[in-house]
Every structure is written in structure tokens, then in C-alpha cells.
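The values are calculated or read from the model by the stated rules, or taken from the named source; none is laboratory data. Note that the structure is predicted; figures quoted are calculated from it, not measured. Every residue, glycine among them, receives a Cβ derived from its backbone with ideal geometry; neighbour counts consider all protein chains shown. Note: accessible area is taken over every heavy atom of the protein model, side chains too, but ligands, DNA and RNA are not part of it. Shrake-Rupley method; radii C 1.70, N 1.55, O 1.52, S 1.80 Å.
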Amino acid sequence: MSGNRAKARAKAGFLSAALSLLILLILLPLTAQSIPNTRIMGYRWLLSAIKNNQPPSGYIDLAKCSMTKNISDMQADRRTYQISFTENFSYNPDNGEIVTIMNILYQQTKDLNGTPVLMSRPATTILSGKPQGSFLNYQIVMNYDGKTLMQLYQCPWDKAVFLWR
């Protein structure tokens, strides 16, 4: 009889440990999302931060993004820019798209007759993410000499987008 008790206890201990491990595996992703100051690693984390009134900010590395459209005579931009969802963002419940718009001063150096000259142009950047996308779209639009210039980049969440709550 004591052999049956030992087997029953061992079985109960194994089931208890397995149940504890299962609960831990289920709760781990939920607690990882709720930890403050964690990195945003995709659309669902961004949506969670915005819905919890913790709009993120950080930076985007265009050197690790791919340009998908270029309606301008500008070269591909490979710089790093600060981004934020704290000022002007929207969420569309119909398609799940999250958009933020930022006004920036786009600065670049031009070589005019051997002299480097800093040129500043006001620009608008539009960041957007959709639930089915594995990237964040970064679009920059500016007006210059009566022309509208636009570039669109796709930036992978894991390599180019660095956002924190």
C-alpha cells in the first residue's frame, strides 16, 4: 500500500509542477508587456502602450530601413531620427492602423562652390503601423521650390525601431 501512496504522491507532484510551469508560460508574455520602460518590439506592444496611456518615444534608424517610394531628387536618408507617439497620434479601430505625425526641421549640408552650407527645410514625418505588418512605415514629406518631396521607408521592428514606454 505504501508503494501506491508513493506513486500517487509522485504523480501529484509531477502534475503540480507541470501545472505551475504551464501557468508561468501563459503569464510570462502578459507580465513582459506590463513592465514599465520596456522596449516596444512590434505592433501589439505599441497598441498596448497606447491603450494603457503610455505613448512611447525613442528613435528610428533609417540605415536599417528599406526605401519603398521616393518622389523627389533626394538620396536615400540613412540617418537616425527621434520619434514620439506622445503629441499627435491616432488609432483607427476599423483597420487597426496607428499613426503619429511630427513636424521636424530637415537639415542637410549642401556644397555650393566648394563651401558647405547648412540648409534647413520644414518637413512632416508620418509614422504608421498596422497589425499585420512586421515593420513600421516612416514617411517624410516636405515642400521645396514649389515641389512636394516624399520618401517612404519600411523599418523592421526588431532592427530599426527603438521605442520605449
Breaking point among (1) assigned to a helix (DSSP H, G or I); (2) at pLDDT below 90; (3) surrounded by 15 or more Cβ atoms within 10 Å (Cβ to Cβ), for Met74: (1)
Failed item in (1) in contact (Cβ under 8 Å) with a residue 12 or more places away in the chain; (2) in a strand (DSSP E or B); (3) of a type in the set (D, E, K, R), with Lys159 passing the rest: (2)
Number of the exception - Gly133 against (1) of a type outside the set (D, E, K, R); (2) open to solvent by 50 Å² or more (accessible area, probe 1.4 Å); (3) assigned to a loop (DSSP other than H, G, I, E, B); (4) out of contact with any Gly (no Cβ under 7 Å at 6 or more places or on another chain): (2)
Among (1) open to solvent by 90 Å² or more (accessible area, probe 1.4 Å); (2) assigned to a strand (DSSP E or B); (3) over 28 Å from Met41 (Cα atoms) - the single one Thr148 does not satisfy: (1)
Some residue of segment 117-126 being at pLDDT 90 or above, open to solvent by less than 20 Å² (accessible area, probe 1.4 Å) and in a strand (DSSP E or B): yes
